[in-house]
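Trainee: Submitted below is the structure of interest, expressed as structure tokens.
The values are calculated or read from the model by the stated rules, or taken from the named source; none is laboratory data. A quick note: this is a predicted structure, and the numbers were derived from the prediction, not measured. Neighbour counts are summed over all protein chains in view; Cβ atoms, including those assigned to glycine, are modelled from backbone coordinates with ideal geometry. Heads up: the accessible areas ignore ligands, DNA and RNA and are worked out on the full protein's heavy atoms, side chains in. Shrake-Rupley method; radii C 1.70, N 1.55, O 1.52, S 1.80 Å.
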Amino acid sequence: QVQVVESGGGLVQAGGSLRLSCTASGLTFVDYCISWFRQAPGKEREGVSLISRVGTSTDYTDSVKGRFTISRDNAKNTLYLQMSSLKLEDTAMYYCAATRGPCPSTVQALDSTQYIYWGQGTQVTVSS
């Protein structure tokens, strides 16, 4: 059974930091391109960041560039998203997802239909 679990969300003041983690089991982690998505109330789910299978390439949506950093530790089957200088607009449910399909080079090119394993999400709430 494949299981994907996000953690690390919470309530944080604007300007603060959080580190999200995503741990997957039941799969060979290095075989997958892993991405972070988020969905705010009343908005469509959007791609936030992606990382290639061995972590050599990353990309971010424009709104988080310079503030978020994605990384992966294949030995620990874990994906991370370090979030700094958080803004109110970052409030959302954050999800990680994995695909064995092609790993896109940009977040803009993300195709959610290729992501077959999804976690349940972790809530990030940024307060003023």
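Trainee: Among the aspartates and glutamates, which fall within straight-line cross-link reach of LYS76, defined as a Cα-Cα distance under 15 Å, with same-chain neighbours fewer than 8 residues apart omitted?
Mentor: The reachable aspartates and glutamates, counting only those whose Cα sits under 15 Å from LYS76, are GLU6, ASP31.
Trainee: A further question on this structure: Ignoring ligands, DNA and RNA, what percent of the 1.4 Å accessible area of region 1-115 is carbon and sulfur? Before the final figure, lay out each step's value.
Mentor: Numbers: 2590 of 5680 Å².
Its accessible area is 46 percent carbon and sulfur atoms.
Trainee: So, one more: For Cα pairs less than 8 Å apart in space and 6+ apart in sequence, what is the mean separation divided by the residue count of the chain, i.e. the relative contact order in percent?
Mentor: Over the chain, the number comes to 35 percent.
Trainee: Note down the relative contact order for region 1-46 as a percent, whole number, built from C-alpha pairs under 8 angstrom at least six residues apart.
Mentor: 33
Trainee: Related question: Under 5 Å between amide hydrogens, which residues at least 5 positions from SER57 or on another chain qualify, with H placed 1.01 Å from N in the peptide plane?
Mentor: Distant-sequence amide H within range of SER57: SER52.
Trainee: Also, I was wondering about something else. Under the Karplus relation 6.51 cos²θ - 1.76 cosθ + 1.60, θ = phi - 60°, what is the ordered set of whole-Hz ³J(HN,Hα) values for region 42-58, x standing for Gly and Pro?
Mentor: x, 10, 6, 5, 10, x, 9, 7, 9, 8, 6, 4, 10, x, 7, 10, 9
Trainee: Still on this structure: Report the net charge of residues surrounding ASP73, where surrounding means a beta-carbon distance below 14 angstrom and charges are Lys +1, Arg +1, Asp -1, Glu -1.
Mentor: The answer is +4.
Trainee: Taking the Cα centre as origin and putting +1 on Lys and Arg beta-carbons and -1 on Asp and Glu beta-carbons, what dipole magnitude results for the chain, to the nearest 20 debye?
Mentor: It works out to roughly 180 debye.
Trainee: Could I ask something else about it? On average, how much accessible surface per residue is there in region 16-128, in Å², for a 1.4 Å probe, leaving out ligands, DNA and RNA?
Mentor: Computed with neighbouring chains in place, this is 48 Å² per residue.
Trainee: Shifting gears a bit: For LYS43, which lysines qualify as cross-link partners when the Cα separation must be under 25 Å and same-chain residues fewer than eight apart are set aside?
Mentor: Straight-distance partners of LYS43: LYS65, LYS87.
Trainee: What's the local net charge at GLU44, with K and R +1, D and E -1, over the other residues with C-beta under 15 Å away? It would help to have the intermediate numbers written out before the result.
Mentor: Values: positive: ARG38, LYS43, ARG45; negative: GLU46, GLU89, ASP111.
Combined, the nearby Lys, Arg, Asp and Glu give 0.
Trainee: While we're here: How much net charge surrounds PRO104 when only other residues with a Cβ under 11 Å from its Cβ are counted (Lys, Arg +1; Asp, Glu -1)?
Mentor: -2
Trainee: Using a ≥ b ≥ c from the Cα gyration tensor of region 39-106 (square roots of the eigenvalues), is it rounded, prolate or oblate, where a/c under 1.5 gives rounded and otherwise the larger of a/b and b/c decides, a/b for prolate? Please report the intermediate quantities before stating the final value.
Mentor: Values: a/c = 1.79, a/b = 1.52, b/c = 1.17.
Cα axes put region 39-106 in the prolate bin.
Trainee: Say each of ALA109 and ASP31 gets a label point 7 Å from the Cα, pointing the same way as Cα to Cβ; how far apart are those two points in nm?
Mentor: The answer from the label model is 2.3 nm.
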